[in-house]
1. Evaluate the following for residue 195: is it more than 26 Å from residue 42 (Cβ to Cβ) and buried (at least 20 other Cβ atoms within 10 Å of the Cβ)?
2. Quick one: which residue in 421, 391, 402, 384 is in a loop (DSSP other than H, G, I, E, B) and of a type in the set (S, T, N, Q)?
3. Any idea which residue in the range 274-294 is nearest to residue 426 (Cα to Cα), counting only those that are aliphatic (A, V, I, L, M) and without any contact (Cβ under 8 Å) to a residue 60 or more places away in the chain?
4. Could you run through the range 56-103 and say how many residues are outside any loop (DSSP other than H, G, I, E, B) and closer than 19 Å to residue 174 by Cα?
5. Looking only at residues that are of a type outside the set (Ser, Thr, Tyr) and buried (at least 16 other Cβ atoms within 10 Å of the Cβ) in the range 352-363, which one is nearest to the chain's Cα centre (by Cα)?
6. Answer with yes or no whether residue 62 is within 30 Å of residue 381 (Cβ to Cβ) and crowded, with 23+ Cβ neighbours inside 10 Å.
7. Is it true that some residue in the range 178-201 is of a type outside the set (Gly, Ala, Ser), farther than 22 Å from residue 420 by Cβ and modelled with pLDDT of 95 or more?
8. Restricting to the range 248-273, count the residues that are part of a strand (DSSP E or B) and either touching a residue at least 60 places away in the same chain (Cβ under 8 Å) or β-branched (Val, Ile, Thr) (or both).
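The values are calculated or read from the model by the stated rules, or taken from the named source; none is laboratory data. Everything numeric here is computed off the predicted structure, so don't read it as measured data. Note that each Cβ is placed from the backbone with ideal geometry, even for glycine, and that neighbours are counted across all protein chains shown.
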Amino acid sequence: MSITTPGGRPRVVVVGGGLAGLSAGLEAADRGAEVTLLERRPRLGGATWSFERHGVWFDNGQHVFMRCCTAYRAFLERIGSAGGVFMQSRLDVPVLAPGGPLGSIRRTGGPAPLHLAPALLTYPHLSLRQRMAVLRAGLAMRKLDPDDPSLDDTAFGDWLSAHGQDRTATETFWNLIVLPTVNVGAADASLKLAAKVFVTGLLTEAAGADIGWSRVPLSALHADAARRALEAAGGRVSTRVPVTAVRSGASGGLEVRTDGQTLEADAVVVAVPHDAVGALLPPGTVAFQDRLHELGTSPIVNVHLVYDRPVTDLAFFAGVGTDAQFVFDRTDGAGLDDGRQCLAVSLSAAESYIGRPAADLVSHFTAELARLLPAAAGATVTESIVTREHSATFLGAPGTDSLRAGAECGLPGVYLAGAWSDTGWPATMEGAVRSGTRAGRLAVAHASGSADA
């Protein structure tokens with residue numbers, strides 16, 4: 001099967017239908033390319049998807065973004081989904097402890113980095129001495145350059161220790177930011193990735209870390225809307241189509257091979273996980289191609305609990321002194337309007353939870369929420385489900401930066417995209433979209449013989 005392009009439009013094939021692939025396809029289509037997107041799974045959206053059970057919609061996991069995620073927010077605008085998200089007017093992260101006071105990491109209207117000082121100086125989960133030490137460490141971190149590759153040689157935990165942070169400060173403050181963004185605990189995370197999160201999100205622009213999240217099921221927010229947008233731009237989308245190889249074509253272009261078919265292309269964007277890239281491309285095409293497995297993986301687990309009544313009026317909160325890392329009210333996204341409340345417990349770097357039976361996790365986190373929310377102790381869980389992403393992200397530990405490939409590779413006309421690639425960001429939705437947009441732009445430039453990159 002070959003792709004025909006009326007009017008001589010450049011032919012771009014995108015392999016992979018996650019956020020990176022969808023943004024690559026849209027960028028290429030918007031630049032005039034004839035786009036075909038192939039996804040091996042029956043759905044689009046990659047690591048962001050939803051499903052319905054007993055009339056309740058559940059996301060596979062809780063995904064949030066920050067105001068500084070400009071590429072992701074532009075992607076939502078492009079696909080018509082900007083109205084499906086909520087964005088805080090000002091950063092405010094409630095922090096609960098069992099039987100303890102309610103704390104908050106919130107910003108004032110002042111300039112960075114002083115916008116966080118009042119909240120830190122009154123943060124009840126640390127002593128005054130620890131709060132002052134956190135402020136000093138924050139000022140020191142502001143001097144770091146997230147683009148400095150040497151930072152990747154250091155563990156964030158070692159840097160924190162060298163700057164006066166004890167275990168309590170790490171667990172009750174630094175982990176609240178690093179764990180959900182890098183998907184690695186602060187002690188083991190790359191300093192380079194941690195610096196990106198703090199410097200870009202919290203310490204440069206006061207509004208940068210304001211948090212947003214979906215008000216609708218993720219499949220509606222991303223996959224359904226992006227498919228409509230891509231098809232409206234003339235693109236073709238096919239699911240359940242596993243690609244087996246991308247190779248140079250006999251006529252000078254490129255060939256994308258599927259089960260029994262070959263698609264011809266002028267350029268190809270390969271937007272698949274890092275552990276799948278090597279099998280699709282000729283050996284030596286990607287830098288460190290035989291070492292990409294060293295990027296590792298880190299899992300995420302979500303425990304979804306539907307209560308027979310409201311048990312909290314908080315839209316979300318973080319937990320300290322509990323296994324419940326972050327908890328989100330997903331009642332609206334679940335489609336509930338019958339007086340019940342749906343809470344999703346989000347567990348990053350979830351190695352200790354990924355293999356546990358669902359019933360055990362439901363029981364454990366029902367008890368944990370009862371410790372944090374008095375109203376939950378007297379409520380009944382009417383629905384529950386556990387979702388697991390075994391390979392949710394690459395493992396953002398020291399030494400990974402050099403393994404993250406750039407968009408260009410050794411096979412002319414083939415470009416790489418994905419949150420694992422060299423975006424400068426941790427494995428986030430923002431990184432995925434940035435990589436896809438760049439790859440789509442490069443693909444069209446190559447296919448049309450343009451110097452525009």
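1. Values: more than 26 Å from residue 42 (Cβ to Cβ): yes; buried (at least 20 other Cβ atoms within 10 Å of the Cβ): yes.
Yes; evaluated as a whole, the condition is true for this residue.
2. Working: 391 fails: in a loop (DSSP other than H, G, I, E, B); 402 fails: in a loop (DSSP other than H, G, I, E, B); 384 fails: in a loop (DSSP other than H, G, I, E, B).
Step by step, each of 421, 391, 402, 384 is checked, and only 421 is in a loop (DSSP other than H, G, I, E, B) and of a type in the set (S, T, N, Q).
3. The qualifying residue nearest to residue 426 (Cα to Cα) is 276.
4. First, pick out the residues of the range 56-103 that are outside any loop (DSSP other than H, G, I, E, B): 56-59, 64-66, 70-79, 82-87, 92-96, 103.
Next, only the ones that are closer than 19 Å to residue 174 by Cα stay: 64-66, 92-96, 103.
Of the residues in the range 56-103, 9 are outside any loop (DSSP other than H, G, I, E, B) and closer than 19 Å to residue 174 by Cα.
5. Going through the range 352-363, the residues of a type outside the set (Ser, Thr, Tyr) turn out to be 354-362.
Add one more test, that the residue is buried (at least 16 other Cβ atoms within 10 Å of the Cβ), and what stays is 354, 361-362.
On the way: 354: 18, 361: 23, 362: 24 Å.
If we take residues in the range 352-363 being of a type outside the set (Ser, Thr, Tyr) and buried (at least 16 other Cβ atoms within 10 Å of the Cβ), then 354 is nearest to the chain's Cα centre (by Cα).
6. Working: within 30 Å of residue 381 (Cβ to Cβ): yes; crowded, with 23+ Cβ neighbours inside 10 Å: yes.
Yes.
7. As a first pass, look at the range 178-201 and keep what is of a type outside the set (Gly, Ala, Ser): 178-184, 188, 191-193, 196-200.
From what is left, the residues that are farther than 22 Å from residue 420 by Cβ are none.
No, there is no match, as no residue in the range 178-201 is of a type outside the set (Gly, Ala, Ser), farther than 22 Å from residue 420 by Cβ and modelled with pLDDT of 95 or more.
8. Keep residues of the range 248-273 that are part of a strand (DSSP E or B), which gives 248, 254-258, 261-265, 267-270.
Filter again for either touching a residue at least 60 places away in the same chain (Cβ under 8 Å) or β-branched (Val, Ile, Thr) (or both), leaving 248, 254, 256, 258, 261-265, 267-270.
Adding up the residues that qualify gives 13.
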